[in-house]
Amino acid sequence: MQRKADSLDDIFNKALKGETLFADRGVLRSDYIPNNLLFREEQITSIGQALTPTLQNQKPSNLLLYGKTGSGKTAVAKHVLERIQEAARKNNKTEIMIAYSNSRLAGSEYRTLVDLGQELGIKIPFTGLPLSEVLDRIYKHISKNNIKVIFILDEIDFLAKQSYDDILYSLTRSSEHLGNGFLSIIGISNDLHFKTLLDSRVLSSLNEEEILFHPYTVRELNEILEDRTKTALKEGTVQEGTLNLCAAMAGSEHGDARRAIELLRVAAEIAERESKPKITEQHVKTASHKIDRDRITQSIKTLPIHEKIVLTSLFDEKKGLTTGEVYQKYLTLTKKIGLDPLTQRRVSGLINELDTQGLVSAKLVNHGRYGRTKNITLMISNETLQETIEEDELVGQTLQ
DNA sequence: CCTCCACTGGAAACCTAGGCTC
DNA sequence: GAGCCTAGGTTTCCAGTGGAGG
């Protein structure tokens, strides 16, 4: 505890003295959209061209943007739309509204529509309404107020994969209900194959224009980082080679600009905490570990309680357990903290969910005479699990 | 070649918590 | 308030299964 207070003092003192490496920390945040998006001129022009009808009060084509994570799709889309909004305002054209929803985060058709409604300023209860009623309210609102909406549908592949594509069909066919308003969709997908999952009727109307985002090359990432560094960090705070390493690490799989920028930001924060005047390659390596670790602890913390307990059942089981064994441990743990246990069928489902999250690995194994089950092993270190679970007020007791 | 284990995983039904209309 | 709708989590039921041991 004492050490914490001291280090806090340190932080405050540094801040008071202005000892920081950052000139403008916001520039390295993940939601920051720079004015000049490097290496994306082509896409910016295409999207701009596709959307110009908006300025003549006409409905623009629906667009589909493709590309891997961190290739600038969302940033480019938001950037172009903001510029169009400005242009419309300057020329006294009707206001254009931009709605944004990430369908994977939203989780279902219904919640995607709730997002859309909220951005348009209508209240939709989070449950209780038939889907058609929600659509109806949105359409009525648009046509009544002559609203021009461009709806950015991020991770649209999620809707297609969960066979939630009814909503896409309705949205693309909505123009007759909208009076003088319109609703245009910009779909963003990480998955280049997602088109095959889509109903052909939806595809043809959604795919009026298609724009591809190739991953950034390492050299391009490097330039992006240099560009951001100019405004984000104070001069002379970055050691030679540091940016190269960020770019190389982020580019090793596919050119992910988000990752590159995050690496630099976290590296800078670490260097600052260590009171170093320069950010070095070592800081970047530490940052990379920290990012990975934080991602894991974060996903454990946000787990529902029963999944936490299932995960805890695997604590210190190096060889892994079968489903039945996990369930037995799970039962004793729930008893220990006085919680009603779920059924084995449900726990088996939870194990699968943990598997898709990558926290455990569940492999189907056959023991012939002795049945077939899953062999479940922990995919994270015992220490990380212990530290994170101990912080949990209730589940933490199971480790005592 | 057959049996039979210890599950898997699909399907349906149920429950809760909300909201609609009449 | 009844009777209908929604989502989302859970329970109940059950047919299906790969292969070690007989």
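The values are calculated or read from the model by the stated rules, or taken from the named source; none is laboratory data. All values derive from a computational prediction rather than experimental measurement. Glycine also receives a Cβ, built like all others from the backbone with ideal geometry; neighbour counts cover every protein chain displayed.
Is one or more of the residues making up the range A:338-358 in contact (Cβ under 8 Å) with a residue 40 or more places away in the chain, closer than 30 Å to A:Cys246 by Cβ and within 16 Å of DNA strand C (Cβ to nearest atom)? Scanning the range A:338-358 turns up at least one residue that is in contact (Cβ under 8 Å) with a residue 40 or more places away in the chain, closer than 30 Å to A:Cys246 by Cβ and within 16 Å of DNA strand C (Cβ to nearest atom). In the range A:368-385, the residues that are under 19 Å from A:Thr322 (Cβ atoms) reach residues that are surrounded by fewer than 10 Cβ atoms within 10 Å (Cβ to Cβ) and of a type in the set (S, T, N, Q) with C-beta atoms within less than 7 angstrom, at least six apart or across chains, in these pairs: A:Arg372/A:Asn366. Only residues that are of a type outside the set (Phe, Trp, Tyr), in contact with a strand residue (DSSP E or B) (Cβ under 9 Å, 6 or more places away or on another chain), at pLDDT 85 or above and assigned to a helix (DSSP H, G or I) were counted across the range A:120-157, and they come to 3.
One line per residue, one yes/no per condition, for (1) within 22 Å of A:Gly187 (Cβ to Cβ); (2) in contact (Cβ under 8 Å) with a residue 60 or more places away in the chain:
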{"site": "A:Val76", "(1), (2)": "yes, yes"}
{"site": "A:Asn92", "(1), (2)": "no, no"}
{"site": "A:Ile98", "(1), (2)": "yes, no"}
{"site": "A:Glu109", "(1), (2)": "yes, no"}
{"site": "A:Lys123", "(1), (2)": "no, no"}
{"site": "A:Phe126", "(1), (2)": "no, no"}
{"site": "A:Ser143", "(1), (2)": "no, no"}
{"site": "A:Ile147", "(1), (2)": "yes, no"}
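Screening the range A:231-270 for residues that are assigned to a loop (DSSP other than H, G, I, E, B) and within 16 Å of A:Ser30 (Cα to Cα) and picking the one that is modelled with the lowest pLDDT gives A:Gly255.
Condition check for A:Asp115 on (1) away from DNA strand C (no atom under 13 Å from the Cβ); (2) within 19 Å of A:Gly181 (Cβ to Cβ): one failure, at (1). Exactly one residue out of A:Lys78, A:Lys68 is at negative phi, part of a helix (DSSP H, G or I) and not small (Gly, Ala, Ser): that is A:Lys78. Tallying residues that are part of a helix (DSSP H, G or I) and within 11 Å of DNA strand C (Cβ to nearest atom) within the range A:289-308 yields 3. Under the condition of being hydroxyl-bearing (Ser, Thr, Tyr), in a loop (DSSP other than H, G, I, E, B) and either in contact (Cβ under 8 Å) with a residue 60 or more places away in the chain or on the phi > 0 side of the Ramachandran plot (or both), the residues counted in the range A:30-65 number 2. So, in the range A:319-328, of the ones that are assigned to a helix (DSSP H, G or I) and near DNA strand B (Cβ under 8 Å from one of its atoms), which residue ends up nearest to A:Gln397 (Cα to Cα)? If we take residues in the range A:319-328 being assigned to a helix (DSSP H, G or I) and near DNA strand B (Cβ under 8 Å from one of its atoms), then A:Tyr327 is nearest to A:Gln397 (Cα to Cα). Of all residues in the range A:329-381, those that are part of a helix (DSSP H, G or I), over 17 Å from A:Pro304 (Cβ atoms) and more than 11 Å from DNA strand B (Cβ to nearest atom) total 5. Within the bounds of the range A:185-193, is there any residue that is surrounded by 15 or more Cβ atoms within 10 Å (Cβ to Cβ), in contact with an Asp or Glu (Cβ under 6 Å, 6 or more places away or on another chain) and not acidic (Asp, Glu)? Checked against the condition, which is being surrounded by 15 or more Cβ atoms within 10 Å (Cβ to Cβ), in contact with an Asp or Glu (Cβ under 6 Å, 6 or more places away or on another chain) and not acidic (Asp, Glu), the range A:185-193 yields at least one hit. For the range A:95-106, state whether one or more residues are assigned to a loop (DSSP other than H, G, I, E, B) and more than 19 Å from A:Phe213 (Cβ to Cβ). Scanning the range A:95-106, I find at least one residue that is assigned to a loop (DSSP other than H, G, I, E, B) and more than 19 Å from A:Phe213 (Cβ to Cβ), so the answer is yes.
Residues that are free of Cβ contacts under 8 Å to residues at least 40 places away in the same chain and touching a helix residue (DSSP H, G or I) at 6+ places or on another chain (Cβ under 7 Å) were ranked within the range A:230-244; the one that is surrounded by the fewest Cβ atoms within 10 Å (Cβ to Cβ) is A:Asn244.
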